[in-house]
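Computed from the coordinates by the stated procedures, all read-outs in this text should not be read as laboratory data. The shown structure was predicted, so the numbers you read here are calculated from the model rather than taken from an experiment. All Cβ positions, glycine included, derive from the backbone under ideal geometry; neighbour counts span all protein chains shown.
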Amino acid sequence: MADDQTVTLVAVEVSAELEKILADYPLPATVQDADMNQEELASALNQSVNTIAKWIRQEGMPVAQAGGNGKSYVLRLSHCWAWLKARDADRDLRSQHNKQQAAALQAEMLGLDVSDPNAHMTPKARREMAEADLVWNKAQRERRTLVQLDEVHDLLESVLTMVRDGIEAMPDLLERELNLKPDQVAAAVGVGHDILTSLTEKIEAAELQERTVGDLPDRQLWMN
């Protein structure tokens, strides 16, 4: 419980940087400011005396009065509290920044778009998502709601071959069955060629030639 008794604090020169963090991280409203030695501050902050000493020597914890030669350090509670909270906030910010940059680098290495939310997933989360996707795909294949691309490729190749062979054989068949004249046969050949050309252009427009599984039959394969 806060003490209503007035306590005189030592005169301390406060830097602009310390003033800012004091404004950002004041003591809780129920806590009065106090000047403490290392043991008292360690107890207040739930730290060891060695940790307080290390913070002073190595990390720049503010001191109201320096100690040494048998003289104890004087540590202003509000100053040390604000310094500690600011240090923790800065570390959290750096950690978050480093994680984001590590994820961005991993995304670049994997060829992912860094604007894609999935690009910033951790390796563990990405692996778990991939494993879940494999399980889902297996279930869909067993239900026959997902067909392997190579199966579609084989079916499409056989269908296109039948179409090509039928169209190419059609002029000769019409010539025999209908006694077509040479110019009529040539016209039938032209119509068949136009049909095959249109089919080829449609496939190319859909970028089927760029698929990597077995490469669907291209113009040279089923137009010749």
HN-Hα couplings for region 70-81 via Karplus (6.51, -1.76, 1.60; θ = phi - 60°), in whole Hz with x for Gly/Pro, come out as x, 9, 6, 5, 10, 10, 7, 4, 4, 5, 5, 4
Here region 187-197 yields Karplus 3J(HN,Hα) values (6.51, -1.76, 1.60; θ = phi - 60°; whole Hz; Gly and Pro given as x) of 5, 5, 4, x, 4, x, 4, 5, 5, 4, 5
Taking alpha-carbon centroids only, region 1-65 lies from region 66-112 a number of Å equal to 18
Note: Glu59 to Ala169 extended length (0.36 nm per residue) minus current alpha-carbon separation gives 30.9 nm
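Given R₀ = 25 Å, FRET efficiency for Gln100-Met129 by Cβ-Cβ distance, to 0.05?
According to the calculation, E is roughly 0.85.
Give the peptides 7-18, 174-185, 65-76 in descending order of average Cβ contacts within 10 Å, highest first.
On the way: 7-18: 10.0, 174-185: 11.6, 65-76: 13.8.
Packing proxy ranking, top to bottom: 65-76, 174-185, 7-18.
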Along region 8-13, Karplus-curve 3J(HN,Hα) (6.51, -1.76, 1.60; θ = phi - 60°) to the nearest Hz, with x for Gly and Pro, reads 7, 9, 5, 5, 9, 8
If the label point sits 7 Å along Cα→Cβ of Asn50, residues of region 78-94 with amide N under 18 Å come out as none
